[in-house]
Amino acid sequence: MTAADALVDERAVVICCGTGGVGKTTTAAAIALEAARRGRNACVVTIDPARRLANALGLDSLSDAATEIAHELWDPKYLSAGSLSALMLDTKSTFDHLVERYSTDPEQCARILDNRFYRNVSGALGGTQEYMAMEKLHELHTTGGFDFVVVDTPPTRHALDFVEAPGRLLQLLDNRIFALLMAPTRAYMKVASYAMQTLLRTIARVVGRDVIDDVIAFFRAFEGMEQGFRERAAVVQSLIGAETTSFVLITTPRRDALAEAEYFALRLSDYELSIDALVVNRVHPCFTETPASSLNKLAAAADPVNPGLVERYKLLADLQTMVEYETNELRKVHELIPDTPISKIPLLSADVHDLDSLGEIAGHLFGDRPNAAGNVSHS
Ligand SMILES: Nc1ncnc2c1ncn2[C@@H]1O[C@H](COP(=O)(O)OP(=O)(O)OP(=O)(O)O)[C@@H](O)[C@H]1O
Ligand SMILES: [Mg+2]
């Protein structure tokens, strides 16, 4: 069994990570498609997919409820007993659901959901999207009726935001400022440290007194809920580190993307999390064994009266230069993380925006198999 097979056959959760634009969403959707074709009840949590891919996945509008994709679209011959569902992460409504779940009564819930500060920050607070992606993953894994959940992650500026997000929430809840803002009465604020009052006054001057009142009201409204949030964050964190959870790191063969991937891999190992597959996406196809230098010599030596041939040699030499560059970069990465299996996906001639082309991507990751139309894709 290859590492890629083990992912879809044996794991319960796959987290696709990597830097911006490398193909996380595409790979996550292709892995879920493959798992469904192998009979699993798969769901992919996507983040901001391209419009056409969203439509292909049945996500016509932003929705954080899983939508099942009609079986005949991804498995027309009904060879699989599995199912394929997708949802687009909606950070704000996932946060709302958490508030609903942990509020002590409907009145507290309404107080938080209506709070201006909450409404403004719940979708935009740093790390919230990462945390909510992991939160959604937990919800789908435990109560969604799926035995395989793939999560696409946001293009993070800081490589491990989503792994660290539950911990950061715990840190926030443990923070003294939070404890102070949670204080039940304003009298307490009066005896709060002089430094804190000065800080709040300064903030109020910049953002306005209303904002500060909203913030204080928000944290007060939170009272009684933090224990639930705390426990939840710890559970989400343990799911991320569970044995049945796999990390797939996606990159392209370009030096900058590979450098990010290396950094990612090293940081994940700080958390004792290992990468089960390194997917190198958009690899240029190799058409010849002849080195670029020889192809350039052949172009120079070709009969100038045959400009078409000269051009073809030059084109092949350029492509081969790219292939040699990518091979060299990949070799270096392999030396740095030798135990991680590498899967390559070639650069396709068009964007991946429908189930057929997703099937083609899956074919490259997992080997040839019939695509949604019943044809065999060739890797
Ligand atoms: N192998 C490929 N060949 C051709 N096009 C590809 C390939 N892989 C991905 N693409 C296209 O590249 C674009 C970016 O891919 P994708 O959205 O999956 O990246 P991402 O890592 O999720 O990006 P972001 O970080 O912005 O979320 C998409 O338009 C997708 O269709
Ligand atoms: Mg994406």
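Where a number appears in this text, it was derived from the coordinates with a stated rule and is not lab data. Note that the coordinates shown come from a computational prediction; the quantities given were computed from them, not determined experimentally. When we count neighbours, we look across all protein chains shown, and the Cβ atoms used for this are built from the backbone with ideal geometry, even at glycine.
At a glance:
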read-out: Nonlocal amide H pairs with V150, under 5 Å, H built at 1.01 Å; value: V14, C43, V44, V45
read-out: Neighbour net charge for T91 - beta-carbon separation under 12 angstrom, K R +1, D E -1; value: -4
read-out: Hz values of 3J(HN,Hα) by residue in segment 223-235 - Karplus curve (6.51, -1.76, 1.60), Gly and Pro given as x; value: 3, x, 9, 5, 5, x, 4, 4, 5, 4, 4, 5, 5
read-out: 5 angstrom amide H check on K344, placed H, neighbours 5+ away; value: V280
read-out: Model label zone, T142; criterion: amide N under 15 Å from point 7 Å along Cα-to-beta-carbon; scope segment 230-252; value: 230-242
read-out: Net charge of Cβ neighbours under 15 Å - reference E262; Lys, Arg +1; Asp, Glu -1; value: -1
read-out: Cβ-derived FRET efficiency at R0 45 Å, H97 paired with C286, nearest 0.05; value: 0.40
read-out: Theoretical gain in end-to-end length, R205 to M1 [0.36 nm per residue, Cα-Cα removed]; value: 67.2 nm
read-out: Pairwise FRET efficiency - S274 versus D9, Cβ, R0 = 25 Å, nearest 0.05; value: 0.90
